[in-house]
Amino acid sequence: MAAASLRTNKLRSALTILGVVIGVATVMAVASIVQGIRSQIFNAIEVAGPQVFYVIRFFSSVPLNPDRLPYEVRIRPIVSPEDAVAVRRVPQVSYAALWAQVNVRLEYEGERTQMMIVYAADDRFMEIVGGTLLSGRLFTRGEQAAGDRVIVLESDVARHLFGRVDPIGEVVRANGKAFRVIGVYQQPENIFQPPGQAMAGAIPYPAARENLHYDETNALFIAVKARTGVPVPEARDAVTVALRRVRNLRPGTPNTFDLMTQDQILDVVGKFTTYFFVAMVALSSVALLVGGIGVMAIMMVSVTDRTREIGLRKALGATRREVLWQFLVEAATLTLAGGLLGIVLGLLAGEAVKAVFGFHSAVPLWSAVLATVVSIGIGLIFGLVPANRAARMDPVEALRHE
Amino acid sequence: MSDGIIRIRDLARRYVMGQETVQALRGVSLEIRRNEYVAIMGPSGSGKSTMMNVLGCLDTPTSGEYWLNGHEVSRLSDDALARVRNKEIGFVFQTFNLLPRASALSNVELPLVYAGMRTRERRERAAAALERVGLANRMDHRPNELSGGQRQRVAIARALVNQPSILLADEPTGNLDSVTSEEIMRTFAELHGQGQTVVMVTHEPDIAAHAARVVVLRDGRVESDRSTERAAA
Ligand SMILES: Nc1ncnc2c1ncn2[C@@H]1O[C@H](COP(=O)(O)OP(=O)(O)OP(=O)(O)O)[C@@H](O)[C@H]1O
Ligand SMILES: [Mg+2]
């Protein structure tokens, strides 16, 4: 019965539920994207292995401006090769080395990349970040020690710069400095990268230090890998003790470095995506509100149009509550239809966005359930005023209505 | 006394419209027994519809008593009245009041929906009611696919489907031509013959002549109340 009376006012109904459609679609798209981002990060960590963590100067969820470092950052020393050596001596640690994350633009015969990240690392870097060597080789200890300007390119970047040309042996320019390509590797699948932060490759740390500029606060870190079988918290504690000793920190004084474990990264990503999600929900609730008011308006019109029907139903024995429910169900049917449409559109939009940024994920079921519940709820809430008006009608007057 | 289905005493209904007060009923006393067939007549504005609304528990009197089937119903709450309407009253309106987008069967089912009956039983009962008024072959038709007389018979089936104590009809033939009106009157006569109590408002003496008793209202009072020759016959 509810559906029948809605069908007759198709166009009017369609326009009214637009707000609901937009609101729900937004929530769905965002939920899908957020879920995508989270699962990509999670995958990336799976690939790198939970045994890996980092020592940094200061843990901050956003990059620090090197020219205006806050006091609590300035009092801390920059992470140093000596720190790395001290960490490497910890028995629970199988690998520790000073790395840098350098922003570069690569260039080959006029072809240029956007700003990307190059890891300044050592010969074992693939063991830490994962991936497969497709051709050529990694740099050797000899090249490292000599400060040779060699680079192992990420395969997508290699394809972009070289096309069909075999890059091995060619020279690319990183921020103008010449680097010889010695290998091409493919980074592990499913690594999520924010746009503009894509990985371009790896170079030996000494070559980066001699040739490229980077800000030491944001770029420098010690990559640490706990020995297999050692719980990360135990390794972390041991590393903390070792670093405090090498930096001569007295008991009771705070650490002058931060450890960043995968859990913390997940945490930051989680918080960040949650804020994003909450902001989008706030925005979409405006659309939902507009939709709700539209539903209220159309239901008001419907109640007036059907005054005689309401009178008749009451004459035949409908109680107030039954009339109230009839119109609430109609309003909820309307918004549910909008909600389902919104879910479909939102999923499509989410898939489109994920396709553009090259990742995929299952859409969380809860978001579809939530969207359905919310759209029904909006119908019930905004249908209440018109439904109540119908329920309170006097049957005699309603039947006499023209 | 026990078969007095309707008993009203000193029934008054006043409408207050700003400064003015309209006395639609000014103390009506009346008793209608089981299986009576009563026509209510009277000039326009004499209070016929007002009385039908009170009898049908759609409206409550300003003062006076109304006993329906031995229960005082003039002071009941809205929802209690809705239940009484559903169980005890069958309405037939001048303008049919069918749901335009619902089939004849669905229209007839409506009171049973509010009675809380299961779908299957509802269907069966509604179909039986339509058969009773001779519309067994029109169940799936919508009102706009039916003639005026057929529509009114659907409305009668709807009024009967809950086996009400009384069938109330306010000018049931008011929108019908004389041939169709006669058809409807035959249906009423049949129902009355089967034991149905019928109260009907009409302007037309030849329609009223079908009833066994005619009550004439004037200015909200009973002017006359007598049996027709038919009842004598
Ligand atoms: N809701 C109302 N508000 C004010 N006055 C009303 C209302 N309903 C009826 N009346 C008045 O009460 C009186 C009786 O009305 P009622 O409808 O009962 O007359 P009726 O006998 O059915 O007339 P008709 O033959 O024209 O249908 C009339 O004077 C009418 O104007
Ligand atoms: Mg009238």
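Annotations
- Filtering the stretch B:55-62 for residues that are in contact with a helix residue (DSSP H, G or I) (Cβ under 7 Å, 6 or more places away or on another chain), small (Gly, Ala, Ser), more than 16 Å from ligand 2 (Cβ to nearest atom) and under 17 Å from B:Met200 (Cα atoms) leaves an empty set.
- Hey, B:Leu76 away from every other protein chain (no Cβ under 14 Å), away from ligand 1 (no atom under 12 Å from the Cβ), surrounded by fewer than 22 Cβ atoms within 10 Å (Cβ to Cβ) and aliphatic (A, V, I, L, M) or not: no
- Some residue of the stretch A:155-164 being assigned by TED's automatic domain parsing to the domain that holds A:Ala223, more than 16 Å from A:Glu107 (Cα to Cα), under 33 Å from the mean Cα position of the chain (by Cα) and open to solvent by less than 50 Å² (accessible area, probe 1.4 Å): no
- Meets criteria (within 16 Å of ligand 2 (Cβ to nearest atom) and either closer than 27 Å to A:Arg308 by Cα or surrounded by fewer than 16 Cβ atoms within 10 Å (Cβ to Cβ) (or both)) for B:Asn35: no
- Residue among A:Gly294, A:Gly379 that alone is assigned to a helix (DSSP H, G or I), at pLDDT below 90, within 44 Å of the chain's Cα centre (by Cα) and not charged (D, E, K, R): A:Gly294
- Check on A:Gly311, within 16 Å of ligand 1 (Cβ to nearest atom) and touching a Lys or Arg at 6+ places or on another chain (Cβ under 8 Å): yes
- The set of residues in the stretch B:1-32 being loosely packed, with under 13 Cβ neighbours inside 10 Å and either part of a strand (DSSP E or B) or of a type outside the set (A, V, I, L, M, F, W, C) (or both) consists of B:Ser2, B:Asp3, B:Tyr15, B:Val16, B:Met17, B:Gly18, B:Gln19, B:Glu20, B:Thr21.
- For the stretch A:278-313, the set of residues classified as open to solvent by 40 Å² or more (accessible area, probe 1.4 Å) and over 26 Å from B:Asn97 (Cα atoms) consists of A:Val278, A:Ala279, A:Met280, A:Val281, A:Ala282, A:Leu283, A:Ser285, A:Val286, A:Leu289, A:Val290, A:Ile293, A:Met296, listed by residue number.
- Residue-level analysis places A:Glu402 among those that are out of contact with any strand residue (DSSP E or B) (no Cβ under 9 Å at 6 or more places or on another chain), within 14 Å of another protein chain (Cβ to nearest Cβ) and free of Cβ contacts under 8 Å to residues at least 12 places away in the same chain.
- Selection count, the stretch A:237-260, where residues are buried (at least 19 other Cβ atoms within 10 Å of the Cβ) and outside any strand (DSSP E or B): 4
- Selection of the stretch B:96-124 for residues being assigned to a helix (DSSP H, G or I) and within 14 Å of chain A (Cβ to nearest Cβ) yields B:Leu105, B:Ser106, B:Asn107, B:Val108, B:Glu109, B:Leu110, B:Pro111, B:Leu112, B:Val113, B:Tyr114, B:Thr119, B:Arg122.
- Among residues of the stretch B:176-204, those that are open to solvent by 40 Å² or more (accessible area, probe 1.4 Å), within 16 Å of ligand 2 (Cβ to nearest atom) and of a type outside the set (Asp, Glu), counted: 1
- Residue check, A:Ala332 open to solvent by less than 20 Å² (accessible area, probe 1.4 Å), farther than 24 Å from A:Ser32 by Cα and within 14 Å of chain B (Cβ to nearest Cβ): no
- Matching residues, the stretch B:151-175, being surrounded by fewer than 20 Cβ atoms within 10 Å (Cβ to Cβ) and away from ligand 2 (no atom under 16 Å from the Cβ): B:Gln163, B:Ser165
- Hey, A:Arg89 open to solvent by 20 Å² or more (accessible area, probe 1.4 Å) and touching a residue at least 60 places away in the same chain (Cβ under 8 Å) or not: yes
- Pairs meeting the criteria (first residue in the stretch B:119-146 and open to solvent by less than 30 Å² (accessible area, probe 1.4 Å), second residue of a type in the set (Lys, Arg) and part of a helix (DSSP H, G or I), beta carbons under 8 Å, at least 6 apart or on different chains) are B:Ala129/B:Arg158; B:Leu130/B:Arg138; B:Val133/B:Arg153; B:Leu135/B:Arg153; B:Pro143/B:Arg151; B:Leu146/B:Arg138.
- Residue match in the stretch B:44-60 (condition: within 14 Å of chain A (Cβ to nearest Cβ), away from ligand 1 (no atom under 16 Å from the Cβ) and either open to solvent by 60 Å² or more (accessible area, probe 1.4 Å) or of a type in the set (Asp, Glu) (or both)): no
- Condition met for B:Ser103 (touching an Asp or Glu at 6+ places or on another chain (Cβ under 7 Å), over 30 Å from B:Val54 (Cβ atoms), open to solvent by less than 30 Å² (accessible area, probe 1.4 Å) and away from ligand 1 (no atom under 16 Å from the Cβ)): yes
- In the condition set (1) touching a Leu at 6+ places or on another chain (Cβ under 8 Å); (2) open to solvent by less than 70 Å² (accessible area, probe 1.4 Å), A:Leu384 is compliant with all but (2).
The values are calculated or read from the model by the stated rules, or taken from the named source; none is laboratory data. Only a predicted model underlies this, so the values are computations on that prediction, with no experimental measurement involved. So basically every Cβ, Gly included, is an ideal-geometry build from the backbone, and we count neighbours across all protein chains shown. Protein only, heavy atoms only, side chains kept; ligands, DNA and RNA dropped before computing areas. Shrake-Rupley method; radii C 1.70, N 1.55, O 1.52, S 1.80 Å.
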